[in-house]
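Just so it is clear, none of the values below were taken in a lab; they were calculated from the coordinates. Keep in mind that this is a model prediction, so the values were computed, not measured. For neighbour counting, all protein chains shown are included, and Cβ atoms are generated from backbone atoms with ideal geometry for every residue, glycine included.
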Amino acid sequence: MRAHVDKDICIGCGLCPDICPEVFSMDDDGKAIASAEEIPEDVIDSAKEAEESCPVEAIKIEE
């Protein structure tokens with residue numbers, strides 16, 4: 001599974017790296033970014049929680 005953040009709609013709230021710092025971080029523009037790597041098995045639930053918690057639905061978890 002991989003995570004994708006739509007930077008066009010991300011508001012930079014910082015919630016996703018708070019929930020799942022193994023996958024999400026903030027870039028220099030104050031927008032969230034996702035690791036280009038596969039999501040580690042042990043943090044998939046946290047990544048999905050970040051997806052569900054995003055206030056603007058900018059995160060997609062894909063297989």
By my count, strands (runs of 3 or more DSSP E) wholly in the stretch 13-63 with at least 1 residues that are within 11 Å of ALA3 (Cα to Cα) and small (Gly, Ala, Ser) are 32-34
If LYS7 meets every condition in (1) surrounded by fewer than 17 Cβ atoms within 10 Å (Cβ to Cβ); (2) assigned to a helix (DSSP H, G or I) apart from one, which number is that one? (2)
Out of ILE9, ILE59, report the one residue that is touching a helix residue (DSSP H, G or I) at 6+ places or on another chain (Cβ under 6 Å) and touching a residue at least 12 places away in the same chain (Cβ under 8 Å). ILE59
